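Working notes, structure below.
The values are calculated or read from the model by the stated rules, or taken from the named source; none is laboratory data. Note that the coordinates shown come from a computational prediction; the quantities given were computed from them, not determined experimentally. Here the Cβ positions follow ideal geometry from the backbone for every residue, glycine too, while neighbour counts run over all protein chains shown. Side chains included, ligands, DNA and RNA excluded: accessible areas come from the protein's heavy atoms. Shrake-Rupley method; radii C 1.70, N 1.55, O 1.52, S 1.80 Å.
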Amino acid sequence: MPVNPLCLQDQATLAKADVTAIRNVLASLGARNVPPWLRPGHPYPDGGVPNGEAAFAAIPSTDLVETIAVRGPLHAIDGWGYIGRSLNSLISGNAHTARHLAYYAELRGALSILASSGIGIFNRRNVVVDAAGAVHALQTRPTHDMCWAAILGWAQLSGSLERMVAPITIAGVSLVEPLRDFFPASSAAVATYLMREWGFDLEQGSQDKEERNWSSYHPTALSPFVTDPVGDLHFLEMFWSALRPNGIALERDLLRILLEVELHSLDETMLADRSDRYAYVDDRIRAAVSFEFLTRVDDPDDHPFLIRASDQKLPAHPYAMLCRAALLLRIATGMAEANLIAAGLQPAIHFDHWWREFGIQHGLWAPPFEPGSSQELWEDVSIALEDAVTATNGINGHRHGWTAAIASSVARICETERVALWGLFR
């Protein structure tokens, strides 16, 4: 079902969204120990707000802005948790539940992106925060409906592209830099493409809602959805490899696609015609991404993660929904981290107590053996994947034998909360 776009009045209101007040609130977190994320004495410490029109309108703007500000990082963290539970459902052979949970991971990613941009989506109460911290109301629309419409509208605003892409790096260099080296006057085409065609496809997110409804409310035996254990294992290996910290495999594909989309927006087709611009690209990028790769002379096919994410066949496959969710959350996590840093915080230090307790509570490590780096968080998963592959050898393909063989590795393979930690608190 296509997204019902924002009305003209809401489009104008959305353009007022600004991160200044959001970052001012986040800066205040550095003056106290977190938790709590909301200041002591906040009238709605659980993050919920009254749904009645009069009661919602009576919330002081400072309280509402604070609630929106912390939703950026917290929605992203919760979204990664949904992905982990979706992976667990996939391993257990319950593809319908995997789809249900993957959709909610997508939704959390979208809500996080909006909150980090100064846009609060509540249950039929939706607002925009401007640079001065004033709150402006949007139409009364349900959460799912307004979320997809608002983020499609937001993607087309000036500055959205840079905020989405800037946190994605290769060798410590933001992808924005080579994009600007090739196209100094970049258009808004890439941002729109990210949301419509490139796995961040939020209109597809609306369709995924319909797929989620089918998996959530219909008797699943009437529409069986079966995945193969061997295919599941290959997907898990690819999925985690694409998300590893400090990786370049997915990132360089993203850069290539960004450049190609910008070319297309300029009615040009050959990146080779801009070969002189490659010399301006940072040496660290050039060491990792050759011009032959960018022009598809080498490795011409897109990363399988992106191919999965762009798969719009119906019924939606859980692999596709999981990749779409992870891509959304990748952007959401990066934007949330960027806000924390812009607020003058050092996330790993200012949230030291919180992330250590988070890891213990979620079983990621035993005290006092918390990881010293994001690489250590990845190594646990890498070892679990290797063990799963070894244990699978000789299994006849039946799920019972497969799940029994990988039982000792399943917990780590499903701990996608680790991605939130190395994305936010590295």
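One table, with the values for the structure above:
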{"quantity": "Ordering of 146-152, 107-113 by burial proxy (mean other Cβ atoms within 10 Å per residue, highest first)", "calculated": "107-113, 146-152"}
{"quantity": "The stretch 63-191 - Rg and Dmax from Cα coordinates, angstrom", "calculated": "16.9, 50"}
{"quantity": "Accessible-area order (highest first, 1.4 angstrom probe) of the listed residues 256, 163, 244", "calculated": "244, 163, 256"}
{"quantity": "Net lengthening on full extension, residue 223/residue 173 (0.36 nm per residue, minus Cα-Cα)", "calculated": "13.4 nm"}
{"quantity": "Interatomic Cα distance distribution for the chain, bins of 10 angstrom, percent", "calculated": "4, 21, 30, 28, 14, 3, 0"}
{"quantity": "Shape of the stretch 316-426, Cα gyration tensor, a/c cut at 1.5", "calculated": "oblate"}
{"quantity": "Under-5 Å amide H pairs with residue 133, H placed in peptide plane, nonlocal only", "calculated": "21"}
{"quantity": "Accessible-area ranking of 65, 297, largest first, probe 1.4 Å", "calculated": "297, 65"}
{"quantity": "Net lengthening on full extension, residue 123/residue 373 (0.36 nm per residue, minus Cα-Cα)", "calculated": "86.2 nm"}
{"quantity": "Using θ = phi - 60° and Karplus 6.51 cos²θ - 1.76 cosθ + 1.60, couplings along the stretch 102-116 (whole Hz; Gly, Pro as x)", "calculated": "5, 4, 5, 5, 4, 4, 4, x, 5, 4, 5, 4, 5, 4, 5"}
{"quantity": "Accessible-area composition of the stretch 112-154, carbon plus sulfur, in percent [1.4 Å probe]", "calculated": "49 percent"}
{"quantity": "Accessible surface ranking that places the most exposed of 369, 358 first, with a 1.4 angstrom probe", "calculated": "369, 358"}
{"quantity": "Integer Hz, Karplus 6.51/-1.76/1.60 couplings in order for the stretch 287-293, x for Gly and Pro", "calculated": "5, 9, 10, 7, 5, 5, 5"}
{"quantity": "Estimated vicinal HN-Hα couplings, Hz - the stretch 152-160 in sequence order (Karplus 6.51, -1.76, 1.60; Gly, Pro = x)", "calculated": "5, x, 5, 4, 8, 7, 4, x, 5"}
{"quantity": "Accessible surface of residue 75 - all protein chains present, 1.4 Å probe, nearest 10 Å²", "calculated": "20 Å²"}
